[in-house]
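*Asks:* Please find one structure pasted underneath; my questions will follow.
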Amino acid sequence: MLHKFFPKVEKPIAYEGKDSKNPLAFKYYNKDQKVGNKTMAEHLRFSVAYWHTFKGNGKDIFGDPSINREWDKASDPMDRAKDTLEAAFEFFQKLGVDYYCFHDRDIAPEGATFAESCKNLEIIVAAAKELQKETGVKLLWGTANLFGNPVFSQGAGSNPNAHIMALAAAQIKNAIDATKELGGENYVFWGGREGYETLLNTDLKREQEQMARFFQMAVDYKKKIGFDVQFLIEPKPAEPSKHQYDFDSASTLYFLKEHDLYDHFKLNIEANHATLAGHTFEHELSVASAAGKLGSVDANRGDYLLGWDTDQFPTNIYDTTLAMMVILNQNGLGKGGLNFDAKVRRSSIDPMDLFYAHIGGMDTFARGLLIAHEMIKDKAISSFVDERYKSFTSGIGADIMAGKVGFEEVEKWVLSAGNPVLSSGRQELIENIINQYIH
């Protein structure tokens, strides 16, 4: 194991239990512990986000970079990319995760021409493939950065310029190739600038039709090359665009249905994007899961006092418990996983802070998993839900849902049945039960 960039961590982070005071130890995440019929590692499938963890420099809209990494100091961009790759795999091994995720422009620098960018990506992918073989770390998903280059300031697939749309399609083609070469299980589409700043210069219907064609070309290419990869779309309401077309789970699912793409995509839900859309994390997970379309998760959180994507590491056990209830109730994420699309704070400048942040996030989700599993096993909440909807399992309720009766038959039944009796929703009791399991 390498010790070049994180020499203070001499061995992989170990599980020491909840009473441990060691900041470099897991308190709840015991990867081999069985929870039901799976290990924690199988349930959670943790992944490190290449962009925030290794390329994040603390820069924000009001300030210059505050973080200087040893792997980001070489003068040549390709040398920096190779050093970063080496640092990343050292980190993966020492943290003890099985997966990572990347954008094409994270792992390989953009060149002066598209051809040069493709060549850079090809070189770094070859190096990453060797490191994957050496370490056993796998690629959860790849994606293309179609938002950083100024040429995409007005969108990629939805851009009003056909040349730019074509460039974006060509870039995705190469990112899919890279994901296939590295054995990625998923490919994510995040439309960072697929939206509008003003409707005054926007043909909204045309742009959405362009996006649909964009996705269809990707589906066609995946089939052509025989790549059994799961395609994921990651909804986000705004920022950097004023309004993005994949606003939330519901609008994204409608878009897929409208354009005959429903069978080809699932959703990658991010906690912070959910709150920016005015929803809770569990709401977005539930909407996607109810449709059979919850494929993967970007595990982070936002700051409720701030109106932008702060991408903080998850530390709220209540949130992770409710999230894991949704995930467990659909029997897991399949090919997906929990990717830490999260960054250390601008003032957290020490490389060790990367370990503390990930350890905290992993423990928080592990604790949520344990609590959710116990609640589901005990039917602590499901029994209330089943009772609440019991009237639809027989009698008039069952007849309504089976299509056996219409308005006239229902009216006749109501006239003979008398007034209904209102039942309590028991919200406070259920909230108390969740707190009881957490504490």
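*Asks:* Once the Cα atoms of helix 162-181 and of the chain are each reduced to a long axis, what angle between those two axes, in degrees from 0 to 90 to the nearest 10, is obtained?
*Replies:* The two axes meet at around 90 degrees.
*Asks:* Can you grab the distance from the C-alpha centre of region 255-273 to the C-alpha centre of region 70-126, Å, no decimals?
*Replies:* So the two Cα centres are separated by 29 Å.
*Asks:* Just in region 232-294: which trypsin sites (Lys or Arg not before Pro) are loop by DSSP and have at most 13 other Cβ atoms within 10 Å?
*Replies:* Counting only loop positions with at most 13 other Cβ atoms within 10 Å, the trypsin sites (Lys or Arg not before Pro) in region 232-294 are Lys242.
*Asks:* Right, something else. Can you list the HN-Hα couplings for region 146-154, worked out from phi with the Karplus curve (6.51, -1.76, 1.60; θ = phi - 60°), rounded to whole Hz and with x for Gly and Pro?
*Replies:* Per residue, the Karplus-derived 3J(HN,Hα) values read 10, 9, x, 5, x, 5, 9, 4, 10 Hz.
*Asks:* Taking the Cα centre of the chain as the origin and placing charges on Cβ (Lys, Arg +1; Asp, Glu -1), which of Asn161, Phe281, Gly36 is farthest toward the positive end of the dipole?
*Replies:* Selected residue: Gly36.
*Asks:* What angle, in degrees between 0 and 90 and rounded to the nearest 10, separates the Cα long axis of helix 427-438 from the longest principal axis of the Cα atoms of the chain?
*Replies:* 40 degrees
*Asks:* Express the carbon and sulfur contribution to the solvent-accessible surface of region 113-155 as a percent, rounded to the nearest whole number, probe 1.4 angstrom.
*Replies:* 57 percent
*Asks:* Ordered by residue, what ³J(HN,Hα) values in Hz, to whole numbers, does region 260-274 give under the Karplus form 6.51 cos²θ - 1.76 cosθ + 1.60, where θ = phi - 60° and Gly and Pro are x?
*Replies:* 6, 10, 4, 6, 9, 9, 10, 10, 10, 9, 9, 4, 5, 5, 4
*Asks:* Okay, moving on. For region 285-437, give the magnitude of the charge dipole about the Cα centre (Cβ charges: +1 Lys/Arg, -1 Asp/Glu; no others), in debye to the nearest 20. The partial results should precede the final answer.
*Replies:* Working: 14 positive and 19 negative charges, 50 e Å.
Value, rounded to 20: 240 debye.
*Asks:* What angle do you read, to the nearest 10 degrees and between 0 and 90, between the alpha-carbon axis of helix 317-329 and the longest principal axis of the chain?
*Replies:* It is inclined by approximately 70 degrees.
*Asks:* Just the number, please: percent antiparallel of the DSSP beta bridges in the chain, rounded to the nearest 5.
*Replies:* In the chain, approximately 20 percent of DSSP beta bridges are antiparallel ones.
*Asks:* Are there chymotrypsin sites (Phe, Trp or Tyr not before Pro) in region 186-275 that DSSP puts in a loop and that have at most 16 other Cβ atoms within 10 Å, and which ones? Before the final figure, lay out each step's value.
*Replies:* Values: sites: Tyr187, Phe189, Trp190, Tyr196, Phe214, Phe215, Tyr221, Phe227, Phe231, Tyr245, Phe247, Tyr254, Phe255, Tyr262, Phe265; in loops: Trp190, Phe227, Tyr245, Phe247, Phe265.
Those that pass, being in a loop and sparsely packed, are Phe227.
*Asks:* Using volume of the Cα convex hull per residue in Å³ as the read-out, say which of [x] 342; [y] 182; [z] 206 was calculated from these coordinates.
*Replies:* Evaluating volume of the Cα convex hull per residue in Å³ on these atoms matches [y].
*Asks:* Could I ask something else about it? Mind checking the dipole of region 64-195: about its Cα centre, +1 per Lys or Arg Cβ, -1 per Asp or Glu Cβ, Debye to the nearest 20? Present the calculation step by step, with values, prior to reporting the outcome.
*Replies:* Details: 13 positive and 20 negative charges, 57 e Å.
Here region 64-195 has a charge dipole of around 280 debye.
*Asks:* Here's another thing I want to ask about it. So what is the relative contact order of region 307-431, in percent, for Cα pairs below 8 Å that sit 6 or more residues apart?
*Replies:* Here the relative contact order equals 29 percent.
*Asks:* Restricting to Cα pairs below 8 Å that are 6+ residues apart, what does the relative contact order work out to for the chain? Please round to a whole percent.
*Replies:* 15 percent
*Asks:* Output the relative contact order of region 26-79, whole-number percent, from Cα pairs under 8 angstrom with separation of 6+ residues.
*Replies:* Worked out over region 26-79, it gives 16 percent.
*Asks:* Something else: What is the set of long-range amide H partners of Asp303 at a cut-off below 5 Å, with H atoms built 1.01 Å from backbone N?
*Replies:* Thr310
*Asks:* Express the carbon and sulfur contribution to the solvent-accessible surface of region 342-439 as a percent, rounded to the nearest whole number, probe 1.4 angstrom.
*Replies:* Whole-percent figure for carbon plus sulfur exposure: 54.
*Asks:* While we're on this one: Can you pull the percent of region 203-283's accessible area that's carbon plus sulfur, 1.4 Å probe, other chains left in place?
*Replies:* In region 203-283, the share of accessible area belonging to carbon and sulfur is 51 percent.
*Asks:* Still on this model: Under a GNM of the chain (C-alpha, springs under 10 Å), which listed residue has the highest mean-square fluctuation: Gly96, Gly292, Gly418?
*Replies:* With Cα springs under 10 Å in the chain, the top fluctuation among Gly96, Gly292, Gly418 is at Gly418.
*Asks:* Which residue, Ala380, Ala299, Ala366, has the most motion in a Gaussian network model of the chain that connects Cα atoms within less than 10 Å?
*Replies:* Highest fluctuation of the listed residues: Ala380.
*Asks:* Write down the percent of antiparallel bridges among all DSSP beta bridges whose residues are both part of region 6-157, to the nearest 5.
*Replies:* Counting only bridges with both partners in region 6-157, antiparallel ones make up about 25 percent.
*Asks:* Hey, can you find the accessible area per residue of the chain for me, probe 1.4 Å, expressed in square angstrom?
*Replies:* Values: 21570 Å² over 439 residues.
Value returned for the chain: 49 Å² of accessible area per residue.
*Asks:* To continue, here is another question. If you build a Gaussian network model of the chain, linking Cα atoms that sit under 10 Å apart, which residue out of Leu354, Leu204, Leu253 swings the most?
*Replies:* Leu204
*Asks:* Which value, in debye to the nearest 20, describes the size of the charge dipole of the chain about its Cα centre when Lys and Arg Cβ atoms bear +1, Asp and Glu Cβ atoms bear -1, and nothing else is charged?
*Replies:* 700 debye
*Asks:* Next question. I'd like the Karplus ³J(HN,Hα) series for region 101-118: coefficients 6.51, -1.76, 1.60, θ = phi - 60°, whole numbers in Hz, and an x wherever there's a Gly or Pro.
*Replies:* 9, 8, 8, 4, 7, 6, 7, 9, x, 6, x, 6, 10, 4, 4, 5, 4, 5
The values are calculated or read from the model by the stated rules, or taken from the named source; none is laboratory data. Just so you know, these numbers come straight off a predicted model, no measurement behind them. Reconstructed Cβ throughout: ideal geometry from the backbone, glycine too, with neighbour counts over all protein chains shown. Just the protein is used for accessible areas: all its heavy atoms, side chains included, with ligands, DNA and RNA removed. Shrake-Rupley method; radii C 1.70, N 1.55, O 1.52, S 1.80 Å.
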